[in-house]
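Presented below is the structure to which this report refers.
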């Protein structure tokens, strides 16, 4: 199949870092090879042919040459630059957030076609004028699914009994919903996830039950709160169940009140932070944009 | 540390310091060290003084946060310049190319970075508050945003637009289009689209 030293692939650029004076290392997600890194030579030059074609948040067709260490981008043509997304502060922040999630959850060279499709689909969704925060929730839920962390929402993850329409609990450490009975049992036991992460966890006696603090090795001083279970209302559970098995078009039809929306956000992001064991940095920026400058809020 | 262990102590010390600089490996560091060892005393002294003067004398302009050796930089002191226009740039080195065009007669404001959510850099870490402070007295009529046309620069520009617009001050940003010497065939869609949108009549 052509020249074995070079190959062509679709890609969505995740991030880029500068290399020397004029070159860039770009990280991108491809349908065939998963996440890859390559050098874009001369991308910082003003008249570069690559320049704008390797910016993050663009969907490209790339031709790469195999290199000894990193591959080299020889050509890149933009298929979709997601202009609508880039011309709006809020939507761009959403875009950057999902790129950060993809980057932190995936390993290099591990192929995951459905994840690529989800990413592309989500970026298209964010380009639509009426897109809301729920796109992010849908993305998070399905991202978890394709990565093998699909939350169990039908039965209690401890006792396997069907969930009753009462306020249940979402447990990040168990990766699913706990019935009220099992949840109370869990929190009485204290550290539910201590067995798998015992070397990282330091329980502080002054903290309330069920809430633990994790201190990352590589970031001394930055302690993040890892709450292990969140109450999950009946409506929130229904929405999560619905979204888990439907496409964007159906998901968009659901009207979600802002309280419910922030409940979903809390649960899903809590689970994500638990899995990554680090903060998702772009969240702070999304939060900042959510704070009202009243008349000049998001979306305009 | 262990790299230069067999050398005489002062030589090893300097080599280690050179080694910390970007782009200088242990071999380069040694070569520079031996070069200085052989060079005349004045030359070595001049280098040492120049390095120290850089750290000692340079500070940030109290108005625009450009680098300067005085309290306010020469641009902010210049009475001939139009102080009602502020051009916002990412870093001090961005001022130089803008000055070289000879087309801009206003003053500057250096943000010292861009909003970069993925790196956790938010607006508070930049000199945004200081910019808003400069806009308070009403003497400024236009803010020109000259951040780089990439994702972070764009985010910063849109953020500035969001907070400056309500103040009733004109806010504009550098045009995007094709650079001199470029080739249409290889231009990216974003740039070409912008070039079409903002085309100029002859």
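The table that follows gives values for the structure above.
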| item | result |
| --- | --- |
| Prolate/oblate/rounded label for segment A:1-153 (Cα gyration tensor, a/c 1.5) | oblate |
| Per-peptide average of other Cβ atoms within 10 Å, ordering A:21-30, A:51-60 highest first | A:51-60, A:21-30 |
| Sorted peptide list for A:249-256, B:154-161, criterion being average Cβ within 10 angstrom, highest first | B:154-161, A:249-256 |
| Bins of 10 Å from zero: percent of alpha-carbon pairs in segment B:81-196 | 12, 42, 34, 11, 1 |
| Peptide B:184-197, shielding by other chains (average Cβ, 10 Å cutoff) | 4 |
| Alpha-carbon Rg with Dmax, taken over segment A:6-81, Å | 10.9, 31 |
| Which of A:94, A:159, A:182, A:44 has the fewest Cβ neighbours within 10 Å, and the rest in rising order | A:159, A:44, A:182, A:94 |
| Residue-averaged beta-carbon neighbours from other chains (10 angstrom radius) around A:45-55 | 5 |
| Segments A:146-154, B:133-141, B:60-68 sorted - mean Cβ within 10 Å per residue, highest first | B:60-68, A:146-154, B:133-141 |
| Antiparallel content of DSSP bridges confined to the protein assembly as shown, in %, to 5 | 75 percent |
| Shielding by partners, peptide B:151-161 (average Cβ within 10 angstrom, other chains) | 4 |
| Ranked list, fewest to most other Cβ atoms within 10 Å of each Cβ, for A:285, B:52, A:90 | B:52, A:90, A:285 |
| Estimated FRET transfer efficiency when R0 is 45 angstrom, pair residue B:196-residue A:257 (beta carbons, to 0.05) | 0.60 |
| Förster radius 41 Å - calculated FRET efficiency between residue A:185 and residue B:50, Cβ distance, rounded to 0.05 | 0.05 |
| Helix B:9-20 axis, angle to chain B major axis (alpha carbon atoms, nearest 10°) | 20 degrees |
| Counting DSSP beta bridges with both ends in segment B:81-196, the antiparallel % (nearest 5) | 5 percent |
| Descending semi-axes in Å of segment B:2-57, equivalent ellipsoid built from Cα gyration tensor | 20, 14, 10 |
| Kirkwood-Stokes translational diffusion coefficient of chain B, alpha-carbon pairs, 25 °C, 0.890 mPa s, µm²/s | 119 µm²/s |
| For the protein assembly as shown, the fraction of alpha-carbon pairs in successive 10 Å shells from zero, as % | 3, 15, 22, 23, 20, 12, 4, 1, 0 |
| Projected-area mean, segment B:53-135, by convex hull of Cα positions, square nanometres | 6.3 nm² |
| Chain B: angle of helix B:151-164 to the longest principal axis, Cα-based, in degrees nearest 10 | 50 degrees |
| Mean-position separation - Cα centroids, segment B:117-173 and segment B:33-67, in angstrom | 33 Å |
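All of the numbers you see were taken from the coordinates with simple rules; none came from a lab. Here the structure is a predicted model, which is why all the values come from computation and not from measurement. Positions of Cβ are backbone-derived with ideal geometry, glycine not excepted, and every protein chain shown enters the neighbour counts.
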